[in-house]
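Working notes for the structure below.
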Amino acid sequence: MDTWQRRTFLYVLALVGIILGYALAYDYGMSAFENEPRSFLKSLQIVVETFTTTGYGSDGDWQSTGMLLLIIVMDLTGVVLIFLALPVLLFPLFEEAMATNAPTSIEEAIADHVVICQFTPRGETLITELETWDVPYVVVEPDRDRANELYEEGYHVIHADPQSVEGLERARLSSARALVADASDQVNTSIILTAREVDESVQTVSVVEEPDRARYHDLAGADAVLSPRRLLGESLASKVTTGVSTTLGDSIEIGQDFDIAELPVHRGSDLVGTTLADSGIREETGVNVIGAWFRGQFVSPPDPDAELDGSTVLLVSGTERQLEQLKEMTLSSVRGFRRGETVIIGSGEVGQAIAADLRGAGVPHTVLDKSDKPGVDVVGDATEPDDLRAAGIEDARTVILALSEDTDTEFATLVIRDLNPGVEIIARAEQTANVKKIYRAGADYVLSLSTVSGRMLASTILEDEDVISMDQQVEIIRVSADGLGGTSLGEADIRSRTGCTVIAIERNGTVLTNLGPDVRIQSGDKLVIAGTDDGVNRFQSLFE
């Protein structure tokens, strides 16, 4: 029984009791004060007429003071009860009638869909990928209000319990291609167990929050267990560890001796303050600058007159040797790591993964966290200047923010930038929508957990999508483009139409990287393209 039903029951119960009470009082008053006895049924009729304001019939000429007072009190009670009924009963009833409520089951015929159990920011990224590939989906949301909100926003959602057999049957799990369990670790294992009870043949994917618990997801029967937090932590750590030397540690191999990499321009690098045209990157290294991030805004191709600064991230392609030469140019001209110059803020799963990678690379670091637990060097608040000073922020060269709340990350970035204007700030964002705000606050490099998670899920579920980079700001995928067969790259005009860049063409086991506008795409070719998530989605919509 929900709140409205409970209110209605209590109201009706009280109303019946009050009416019966007044009927008894009226029956007694007519005998005692007016000396005109009435039957109880007649007295009940008079009370109902009074409460409903339909009139009193023949009983309207009372003479005694007692009866007049009774009628006055009865009239006032009837008015009050009517006004109470409006906000308590009628208004909620009208609101419920006019509201758009999420369905409790899939009504139309659907098959080969993805069942997403509970909605999260990473699920939003996955849904975008699914819509691009025209793969149907349904979100199973146990919270009624949240389900209604999602339904009004246009998502395919049902209000049901994903931990129950009935809930998954309402989502037609038996005809689905996959199920994604995306709640807490305990709830996810419960969902997987329930899914196995409904249909053992459906592919199940579980997102694990704490990597140490991945084994229990396997035991529950999950076909794939994803740990996006660990991957995110390793990626953020790589932005520091690759600065120890010029060895390229985070490149993506496309073909033999041809790699793609994201290279942040470090504060203190000789490239800072130069334009792309005057930087000498092409002349000195031979790499191809595919695109660049300027304060969170991806541009492809970048303007030759664009000025490079400490927040610029270059997306480049070339041989390993060429990329290592460029890595040398992007590093600070001041060499060597001093003790305490790298500060990790946050010691959750992401922070712990970062600290483990830095230890493995021999990079000294200090960890600050609110809780006193193993691995934490300084206990304090990331938004308090005194606590940050205690962690060595004023002397640090690099700070990695691994906080779970984006508002805390934004505020901490502002405080850190004020305390140490020259420090390099690498940050984790929980939601992709907040990445630009964190850049505006002063971060140099930001990577979103929801983006990494969504790509991991899409790559696991969609057989046709070969995601090469899951932990980069730019998505790099390998796709078939039969729709472009016989078309030259110049005629396809892919960059201006989608914002993506064709990096390579895979043809008959060979990789073509020397691409010009006259290169013609053949049927059966695989294209390696790079771009933002939105750009890649536009490419798939137009050309696949």
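Dipole of the chain (Lys/Arg Cβ +1, Asp/Glu Cβ -1, origin at the Cα centre): which of Gln186, Gly21, Gly485 lies farthest to the positive side? With unit charges placed on the Cβ atoms, the residue in question is Gln186. About its Cα centre, the dipole of the chain is roughly 560 debye, where the only charges are +1 on Lys and Arg Cβ and -1 on Asp and Glu Cβ. Per atom type, the stretch 346-419 shows carbon and sulfur on 45% of its accessible surface, probed at 1.4 Å.
Solvent-accessible area assigned to carbon and sulfur over the stretch 139-193 amounts to 41 percent, based on a 1.4 Å probe. With both labels modelled 7 Å from their Cα along Cα-to-Cβ, the Thr104 to Ala390 distance reads 5.4 nm. As a size descriptor, the averaged projected area of the C-alpha convex hull of the stretch 112-220 was calculated at 6.3 nm².
If I take R0 = 45 Å and measure r between the Cβ atoms of Ser64 and Leu13 in this structure, what FRET efficiency does the formula 1/(1 + (r/R0)^6) give, to the nearest 0.05? Could the numbers behind the result be given before it?
Details: r = 32 Å, r/R0 = 0.70.
FRET efficiency, Ser64 to Leu13: 0.90.
If you keep only loop residues by DSSP, which GluC sites (Glu not before Pro) in the stretch 111-219 have at most 10 other Cβ atoms within 10 Å of their Cβ? Those that pass, being in a loop and sparsely packed, are Glu153, Glu200. In this simple spin-label model, placing a label point 7 Å from the Cα along the Cα-to-Cβ direction at both Arg520 and Glu210 gives a separation of 6.1 nm.
How much accessible area per residue does the chain have, in Å², with a 1.4 Å probe? Before the final figure, lay out the partial values.
On the way: 24670 Å² over 544 residues.
Accessible surface, normalised per residue, equals 45 Å².
Determine the sum of side-chain charges near Met30: Lys and Arg each +1, Asp and Glu each -1, restricted to other residues whose C-beta is under 11 angstrom from that of Met30.
Numbers: positive: Arg38, Lys42; negative: Asp27, Glu34, Glu36, Asp59.
Around Met30, the surrounding residues sum to -2.
Against the chain, whose longest principal axis comes from its Cα atoms, helix 449-461 is set at around 90 degrees. Take Lys373, project a point 7 Å from its Cα along the Cβ direction, then tell me which residues of the stretch 170-198 have their backbone nitrogen under 12 Å from it. Under cut-off, by backbone N: nothing. For Ala111 and Asp270, FRET efficiency with R0 = 56 Å and r from the beta-carbon atoms, rounded to 0.05? Efficiency, rounded to the nearest 0.05: 0.45.
Starting from the Cα coordinates of the chain, work out the convex hull volume and express it per residue in Å³.
Numbers: hull volume 124.9 nm³, N = 544.
Spread over its residues, the Cα hull of the chain gives 230 Å³ apiece.
Axis angle, to the nearest 10 degrees, between helix 121-132 and the longest C-alpha principal axis of the chain: 80 degrees. Subtracting the Cα-Cα distance of Asp161 and Val48 from 0.36 nm times their residue separation leaves 36.2 nm of extension gain. In this rough spin-label picture, where each label sits 7 Å from Cα along the Cβ direction, the Gln203-Leu542 distance is 2.8 nm. Taking R0 as 41 Å, what's the FRET efficiency between Asp309 and Ser488 from their Cβ-Cβ distance, rounded to 0.05? Step by step, r from the Cβ atoms, then E = 0.65.
Helix 185-198 and the longest principal axis of the Cα set of the chain meet at an angle near 80°.
The values are calculated or read from the model by the stated rules, or taken from the named source; none is laboratory data. Because the structure is predicted, anything quoted here is derived from the model rather than measured. Positions of Cβ are generated from backbone atoms using ideal geometry, with glycine treated the same way; all protein chains shown enter the neighbour counts. Just so you know, the surface numbers come from the protein's heavy atoms only, side chains and all, with ligands and any DNA or RNA stripped out. Shrake-Rupley method; radii C 1.70, N 1.55, O 1.52, S 1.80 Å.
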